[in-house]
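Participant: Here's a structure for you.
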Amino acid sequence: MNKTRQLVGYLAILIVITNFSTILPVMGSTESGANLTLDLIFTENILTLIGLIIVLAFIGSKLFNRLGIPQIVGFIVTGVALGPSFLNLIPLELSSELLFISEIALGLIGFDIGSHLKVDEIRKIGRSIFTILIFEAMGAFILVAAGVYIFTRDLNTALMFGAISTATAPAATVDVLAEYDAKGPLTTSLLAVVGLDDALALLLFSLCSGFVENRLTSQATTSIMDILIIPVVEIGGSILLGIIMSITLDFLLQKIKGQHDGMAISIGFVFLSVGISITLGMSLILTTMAIGFILINRSPEHGYRIRYTIEQAGPVLYVLFFALIGARFQLSLIPTMGVLGLIYVSLRTIGKYSGARIGGELGGALPAVSKNLGLGLLSQAGVAVGLAINTGARFITYGPQGEALGYLIINVITASTFLVQIIGPICVKLAITRAGEIGKGKGTIDDWATETSD
């Protein structure tokens, strides 16, 4: 009953905000006061809007927590409520202007993933990480491509949906693992797989999009080597940049003795790495993941110090990040998903789960890992939507057929993303619950204090 009252209270807050614009005109007798509107208040000063997003998303997350649902769902649902689908306090144009927040958040998440991948722990898990990675990606690709082809009878459509289906959203997974303080073989394996998954997705996407472009032009204008060179350069360049930045940061931290000075320059380096990655067209997640991985294994004390700083400062950015993801969703697109969207979501889910299970068993993973890891791979957001938009922009130059294919992919992926972003975090919680890894972490402060002294 108490949970119901809290939920009603949260809805009441949203209703008050919705009707606030009708109250404002009578709040002032001056001309400027009479012309006040809700949109004006929250768009005239961006800090007002950011503050509102953080407060409401936080309240929403706690209410969903009380219902046993991961907080990220509350962040996203709040974003949807504030976005174009309802209150329109965060129009699509404003979401684009706040893109830098998402980029910074993804950079911090990439570092967090890398800093949890200690070589000695990976050795304990063995080759299962790589067999799981290959099988879950190929499982999704094969099932989605086959299902879409049977439904549409179009190879181009099937290949593009198959390639995009391999991408996973690491941010949602990392947030749930941190929220429930998870630790163990499943958590380590899951972090490694979601971190590397997008690199494999990028490779498959480049191969398939190049092949489809050749078919759309009715002639082979691009060789396999030309198709491969783009993702190889992006992946290799991202890792190389991460290596250079981590070694440089490690050197500077050895010279800087003050704890606060070290934290400041560490955060600055992560921001700098994100900016350079974007400028050079590299993967910011792979770059910062490489920084975290190298630091935690090369200089554990520095790695833990930076991770501690990020885990203290990051949550505010993560609230904004996931709320903005929700704000970009347009619920009106869900009906356009149709049968094709249902095929995509269902077969991707089956492919990810079954592929991870088969890969885990073949790689000798523990039963708790092979049976549950696939549940942590269902979320799909930024990378998948980005690949869909990239497809639309590239294929529009190939005439009506290419334009129609690009439009179809953007609509279906955008609509289906909302569903998997709500379901995905719940499944991650289910996975770590079944594996018995909830609450097994030492906690941020104790983790830093004890493990750096080993």
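Participant: Does the range 265-282 contain any residue that is assigned to a helix (DSSP H, G or I) and in contact with an Asp or Glu (Cβ under 8 Å, 6 or more places away or on another chain)? Walk me through how you get there before you give the answer.
Facilitator: Step one: list which residues in the range 265-282 are assigned to a helix (DSSP H, G or I), which gives 265-280.
Checking the rest, the ones that are also in contact with an Asp or Glu (Cβ under 8 Å, 6 or more places away or on another chain) come to 274, 278.
Looking through the range 265-282, at least one residue is assigned to a helix (DSSP H, G or I) and in contact with an Asp or Glu (Cβ under 8 Å, 6 or more places away or on another chain).
Participant: Among the residues of the range 60-72, count how many are assigned to a helix (DSSP H, G or I) and surrounded by fewer than 17 Cβ atoms within 10 Å (Cβ to Cβ). Walk me through how you get there before you give the answer.
Facilitator: So the first thing to find is which residues in the range 60-72 are assigned to a helix (DSSP H, G or I), and the list is 60-66, 71-72.
With surrounded by fewer than 17 Cβ atoms within 10 Å (Cβ to Cβ) added as a condition, the list becomes 62, 65-66.
Qualifying residue count for the region: 3.
Participant: Under 9 Å by Cβ, and 6 or more places apart or on different chains, what pairs join a residue from the range 389-405 that is at positive phi with one that is surrounded by 13 or more Cβ atoms within 10 Å (Cβ to Cβ) and assigned to a helix (DSSP H, G or I)?
Facilitator: Gly399/Leu216
Participant: Sticking with this structure for a sec: Within the set of pairs 6+ apart or on separate chains, which have a first residue in the range 34-56 that is more than 24 Å from Phe100 (Cβ to Cβ) and of a type in the set (S, T, N, Q), a second that is outside any helix (DSSP H, G or I) and modelled with pLDDT under 85, and C-beta atoms under 6 Å apart?
Facilitator: none
Participant: Scan the range 236-264 residue by residue and report those that are in contact with a Ser or Thr (Cβ under 7 Å, 6 or more places away or on another chain) and under 12 Å from Ala290 (Cα atoms).
Facilitator: Ser238, Leu241, Gly242, Met245, listed by residue number.
Participant: Please enumerate the residues belonging to the range 373-385 that are more than 27 Å from Leu408 (Cβ to Cβ) and either touching an Asp or Glu at 6+ places or on another chain (Cβ under 9 Å) or without any contact (Cβ under 8 Å) to a residue 60 or more places away in the chain (or both).
Facilitator: Here is the first cut: in the range 373-385, the residues more than 27 Å from Leu408 (Cβ to Cβ) are 373-376.
Answer for the range 373-385, where residues must be more than 27 Å from Leu408 (Cβ to Cβ) and either touching an Asp or Glu at 6+ places or on another chain (Cβ under 9 Å) or without any contact (Cβ under 8 Å) to a residue 60 or more places away in the chain (or both): Leu373, Gly374, Leu375.
Participant: Name every residue in the range 118-176 that is under 19 Å from Pro231 (Cα atoms) and of a type in the set (Ser, Thr, Tyr), in order of residue number.
Facilitator: Those that are under 19 Å from Pro231 (Cα atoms) and of a type in the set (Ser, Thr, Tyr): Ser165, Thr166, Thr168.
Participant: For residues that are of a type outside the set (A, V, I, L, M) and in contact (Cβ under 8 Å) with a residue 40 or more places away in the chain, scanning just the range 255-269, find the one that is surrounded by the fewest Cβ atoms within 10 Å (Cβ to Cβ). Step through it out loud before you land on a result.
Facilitator: Quick first cut of the range 255-269, residues of a type outside the set (A, V, I, L, M) only: 255, 257-262, 266, 268-269.
Then keep just the ones that are in contact (Cβ under 8 Å) with a residue 40 or more places away in the chain; that gives 259, 262, 266.
Details: Gln259: 10, Gly262: 20, Ser266: 25.
This residue is Gln259.
Participant: Considering only the range 353-447, give the helices (runs of 4 or more DSSP H) lying wholly within it that have at least 1 residues that are under 28 Å from Gln71 (Cβ atoms) and either within 21 Å of the chain's Cα centre (by Cα) or of a type in the set (Asp, Glu) (or both).
Facilitator: Values: elements: 367-370, 382-395, 399-434.
Because the criterion is at least 1 residues that are under 28 Å from Gln71 (Cβ atoms) and either within 21 Å of the chain's Cα centre (by Cα) or of a type in the set (Asp, Glu) (or both), the helices (runs of 4 or more DSSP H) in the range 353-447 that meet it are 382-395, 399-434.
The values are calculated or read from the model by the stated rules, or taken from the named source; none is laboratory data. Keep in mind it's a predicted model, so treat the numbers as computed, not measured. All Cβ positions, glycine included, derive from the backbone under ideal geometry; neighbour counts span all protein chains shown.
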